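Step one of this worksheet: look at the structure below.
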Amino acid sequence: MAKLAPDDPRHNNILAALSKEEYERILPDLELVEMPLGWTISEAGDHVKYIHFPISGIVSLIYDLEDGTSSEIAIVGNEGMVGISIYMGGESMPSSTEIQCAGKAYRLSRSTLKREFALGGQLQRIALLYTQALIAQTSQTAVCNQHHSLEQQLCRWLLMSIDRLPENQVAITHSLIAKLLGVRRESITDAVGKLLKDGIIVNPRGRVTVANLNKLKKRVCECYGAVTEEYNRLLPKIK
């Protein structure tokens, strides 16, 4: 395939995997939208009207508790889509969707997506495979949060984030990482400090850059590999 224009919908791997016929059929209905940092696409319980296909940036699926705390249960980049309740039949999700790293996405209306699903083509098949991969990610995240150290969780989060970004760099603060992992900011600062000391990352204000990817992969728990293998088995590769 020739080099894509910056805002080409086929920067999203699901849209890129469609047949020429299916892609051209939905192309007039795809609408490009900005995803600014901190934007909430949908709150928990919302009736979702659009499915979003990110072409850049990262979306976090966030679960909020009654005491005001929250935790990230999965992330979505250009490998996937946001708004799976439209085709799963539940109409809404118990999690909210918030922009972790700014980017852009193409959105498709509920009615158009349901029309495509009724045709039983590639979009339906890939969407269902993606849902299976997303379930694997949320399940592994729950296991990781329960059984592995905060440093290992941070390594997993960093690797999964940079897999979905063009560079080995994430524009994010310690406070936001703490919110996503459901821990105190001071705990994140300590974990980041260990990775800094060992030359694995550099951390100028407001961003984290992975300086030694091999070392980072040696420090992470098996959860990162388990999720990545499942995504690669089911879907087009993220990079």
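Of the set (1) at pLDDT below 95; (2) surrounded by fewer than 19 Cβ atoms within 10 Å (Cβ to Cβ); (3) within 23 Å of residue 158 (Cβ to Cβ), all apply to residue 2 but (3). Helices (runs of 4 or more DSSP H) fully within the range 152-239 that include at least 1 residues being of a type in the set (Phe, Trp, Tyr): 222-234. When the range 129-170 is limited to residues that are of a type in the set (A, V, I, L, M) and in contact with a Gly (Cβ under 8 Å, 6 or more places away or on another chain), the one that is surrounded by the most Cβ atoms within 10 Å (Cβ to Cβ) turns out to be 134.
Would you pick out the residues in the range 22-55 that are of a type in the set (D, E, K, R), in contact (Cβ under 8 Å) with a residue 60 or more places away in the chain and not in a helix (DSSP H, G or I)? Correct list: 31, 34, 49. Could you go through the range 84-96 and let me know if any residue there is in contact with a helix residue (DSSP H, G or I) (Cβ under 9 Å, 6 or more places away or on another chain), modelled with pLDDT of 95 or more and assigned by TED's automatic domain parsing to the domain that holds residue 124. There is no residue in the range 84-96 that is in contact with a helix residue (DSSP H, G or I) (Cβ under 9 Å, 6 or more places away or on another chain), modelled with pLDDT of 95 or more and assigned by TED's automatic domain parsing to the domain that holds residue 124. Among the residues of the range 24-40, is any buried (at least 17 other Cβ atoms within 10 Å of the Cβ), closer than 30 Å to residue 70 by Cα, in the same structural domain as residue 93 (by TED's automatic domain parsing) and of a type in the set (Gly, Ala, Ser)? No: zero hits.
The values are calculated or read from the model by the stated rules, or taken from the named source; none is laboratory data. Because the structure is predicted, anything quoted here is derived from the model rather than measured. When we count neighbours, we look across all protein chains shown, and the Cβ atoms used for this are built from the backbone with ideal geometry, even at glycine.
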